Each structure stands twice: as structure tokens, then as C-alpha cells.
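Asker: Attaching a single structure in C-alpha cells format; questions to follow.
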Amino acid sequence: MCRSKRSTDVMKPSTPKPRNSRSSKSSFKSKSSASSTEPSSINFTSLDYTANSNLNFTSKSSSNSGTSLASLKDSLPESPHIYNFSEICSATNNFLAKKFTSSSSSSSWRSTIRGKEVMIFQRKLRRSLELQQLCERLLVICRSHHSSLIKLLGACVSGNYVYLVYEYVSGANLADCLRNPRNPNFTVLSTWLSRLQVATDLAHGLDYIHHFSGLNSIVIHNHIKSSSIVVEELSESLCARICHFGTSDLCGEVIENENRKVEKIEGTRGYMAPEFQHSGIATQKSDVYAFGVVMLELLSGEEALKYVIDEESGAYKRFSVIEKAREATAGGGAGVRKWVDRRLKDSYPVEVAEKMVLMGLQCVDEDPDNRPDMRRITGLVSKFYLESKSWAESIGFPIDFSVSMAPR
């Protein structure tokens, strides 16, 4: 069966529930709510676990029953943190430490804060954000959980910047997995099922963000791209996790008008929907567009958009993964087979590959009304995964495979 991604509701103080945990060498287990002894930690919720007589626990033995209450408390997520700016400075050596990534819109550092290995992202505030607003938004975002999302631990506001602290997840971003900078002929995603697993993880994660995260009636990620997706090794298989969940909301990029949430912010070339480029306003359908581009990258291994110098004219020639995919589908199954990443060595069901390409192209339709909702996309991708698994079983292809993220 395809690994199911059950979207969990936002944790509410009145009905504490255990969350589904992931066991991983690189991810940290959530502990109980933050201690009041920690500096600058805001106690957003006060949960009295022992006094709630309505909680009924079942166990196989009396010893299990005696420890079930403590296990519940340990399984609950930490309260979100408002970090002191001094903590951010100390963790980044006054921002002189080597940057993990750097771009015109943000910089990031891998560091340790309060005993946890984290990633710190520095982003500009698009509009003023009061402490109370930050606390309210953090409370919801940090209590939203899905195995395909990288967890936000807390934030700090200083001047015109907000510093977002996420858990550190070891792995490589999807862009590097598909286009290995050391060896272009190698990819850790060397099997069709591994790529379908990544597609399934991403679809379920974005569906959760759009419909189940509990932030507001309309939630937008607005940072979907292959370089913002971490491919992690977990139990001898690969899984994908989406980074930057909550960034748009906490950076003050969101404009609320008559219960409608929109954003005005710069995007990434190759992932911006046509209407987003025209208006500068992102929507859930522009998220779907970016997701479609990532799906086409996943199938072909090619960049979303690149410019290559034409040897004859000396001018730059534009190559778009969307245009190449459209050309491939025009040639039917043979065209798709030629277009799909050759490193898969033709070991995939062509019919499923055709349907995946058509789904990706539907996601990047120029008319946003023609793009499917993430709920439908999630169902389709899960169906494609099951069909691919049946195909693998029918030809005796190994379903349980080992992988290695070690450098080649």
C-alpha cells in the first residue's frame, strides 16, 4: 500500500491528543511543553494533564496504564518559542558564521539553540508585526503537524527582519538530488517508485497546508520549488519534506481583505504562475502551479527554467520544462518515454508516466480555474503510486529497496 499521510488537526488545549511521531536519525523527537525556566519562552497553553478526569486510556497491563499519561505528555509538541535576539546572535556568531544558503530574499544558518540542532532563516518583514500577532500565529503554525512538513520551532523579530527557527533535517534538497552537482549521471532517486514516493509526500503535505493546517480559511505556502524540498533517508527509504511552512504568514506577506488571504511578494522564475507574474498576488492555485512544475522536474530530472548559449548565434536560448513536457505528450507514449529521465533506464510503467505528465501539465495550465485542487491531485498521485507498485510486483521488480545519501 502507498504510505498514507493522515493530516492531523491543530492541537487544541481543551482536547490534547498524541501526534504521530516519526523515527529518524536526523529528526528530533518533540518533548513536553516548554519549561517556564527557559529564557523568553512564552507559555501559550497551560495543560493540566493530571486533573483531566475525562481522559481514558486503555493498556494491556497496569504498568502500561501507569505510564500512559506520561507518554501522552512526552508525545505532545513543544510550545512555540519567542527567541531572544541575543540567542540568534549567539547561534550565528553575530551573523559571521558560514551561511548555509544565501539569496537576495533570505539567508540561513545551521546552528544549535537550546540544545537542538536547527536551521535559522533570516527574512525581511513585509509589514509591521506586533508581538501579540506573532504569538498568535506561532501558536497555530507550530501546533500544525504533518510528516511531510519540516517543523517550525519558533521565531524572533528584530528591526526589519524576522528570524524563523526550524528543526534541522539531514538530507539533500530535491534540486540537488535530481541534478547532482558532483556527478550529473548519478541520482539517489534512481527508481520510479522512489520518485512516486516523493510525489506522494509532496502532494499530501501541500494538501494539508491548504486544507487542514488550521491557520485561516485560505492558506498559501508560496515557496514551493525543488530547492525548498528536503529529501531525507528514513528507514532505508527516501521521503520528502516541505520547508518554509508558515514563512509567508509570519513575514507579514499576507494581506487579509474580507476574509480573503492574498500575498504580494517576489517569486522564483520558472515557478510563478502567469497571473502571479502579472499581479504579484499569490493564491492556492499559484501553489498548484509551482507543484506542477516540481512534478515535471521530478519526471524529467531537468531544471524548471534555464538559459543556454546557442553555439551558432551566440544568443541565449530559453528552455522550459513545461514546454518540453508539452512537446513530449504531443508524441504520445514514445514521446514521453524519450522525455522521462534516462537515468531511470526505462524501468517504469509508460502508461502511468503519461498520466503523471498530463497531471503536471494540468497543474500548470495558464488559466487558474482549470488547475485541479490539491485534494484531487493527492488522490491521483496516490492512485498512480499504487498502479506503479502493482506494475513493479508484476515484473518482479524489488519494492523494498535500500538507498544511500552518502556522497558519490
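Asker: What distance in nm separates the simple spin-label points at residue 338 and residue 170, each placed 7 Å from Cα in the Cβ direction?
Answerer: Here the answer is 4.4 nm between the modelled labels.
Asker: If DNA, RNA and ligands are ignored and the probe is 1.4 Å, what is the ranking of 82, 120 by accessible area, most exposed first?
Answerer: 82, 120
Asker: Once both labels are modelled 7 Å past Cα along the beta-carbon direction, what's the residue 323-residue 211 spacing in nm?
Answerer: A separation of 3.5 nm, rounded to one decimal place.
Asker: Starting from one equal scatterer on each C-alpha and no solvent at all, send me the Debye-based log10 I(q)/I(0) for segment 150-241 at q = 0.20, 0.24 Å⁻¹, two decimals.
Answerer: With no solvent term, the Cα-only Debye profile gives -1.08, -1.31.
Asker: What distance in nm separates the two pseudo spin-label positions at residue 161 and residue 350, each 7 Å out from Cα along the beta-carbon direction?
Answerer: Spacing of the two 7 Å Cα→Cβ label points: 5.4 nm.
Asker: Right, here's the next one. Would you please put 235-245, 267-277 in order of how densely packed they are, using the mean number of other Cβ atoms within 10 angstrom per residue and starting with the highest?
Answerer: Going from most to least packed, we get 235-245, 267-277.
Asker: Follow-up. Restricting attention to segment 129-180, which chymotrypsin sites (Phe, Trp or Tyr not before Pro) occupy a DSSP loop and are surrounded by at most 12 other Cβ atoms within 10 Å?
Answerer: none
Asker: Throw me the Rg/Rh for segment 294-402, computed over C-alpha atoms with Kirkwood Rh, two decimals.
Answerer: Computed over Cα atoms, the ratio is 1.03.
Asker: Now for a separate question. Once the whole set of protein chains is in place, how much accessible area is left on residue 95, using a 1.4 Å probe, in Å² to the nearest 10?
Answerer: We get 60 Å² for residue 95.
Asker: Work out, step by step, the length gained on full extension between residue 309 and residue 367: first 0.36 nm times the residue separation, then minus their alpha carbon distance; give nm to one decimal.
Answerer: Fully extending the segment from residue 309 to residue 367 adds 17.8 nm.
Asker: Additional query: Between residue 86 and residue 125, what's the calculated FRET efficiency when r is the beta-carbon distance and R0 is 25 Å? Round to 0.05.
Answerer: 0.85
Asker: Another one. In terms of modelled amide H atoms, which long-range or inter-chain residues lie less than 5 Å from the amide H of residue 84?
Answerer: Under 5 Å from the amide H of residue 84 lies no amide H from a residue far enough along the sequence or on another chain.
The values are calculated or read from the model by the stated rules, or taken from the named source; none is laboratory data. In this text, all values refer to a predicted model and were calculated from it rather than measured experimentally. Every residue, glycine as well, gets a Cβ built from its backbone with ideal geometry; the counts of neighbours run over all protein chains shown. Heavy atoms of the whole protein, side chains included, go into the accessibility calculation; ligands, DNA and RNA do not. Shrake-Rupley method; radii C 1.70, N 1.55, O 1.52, S 1.80 Å.
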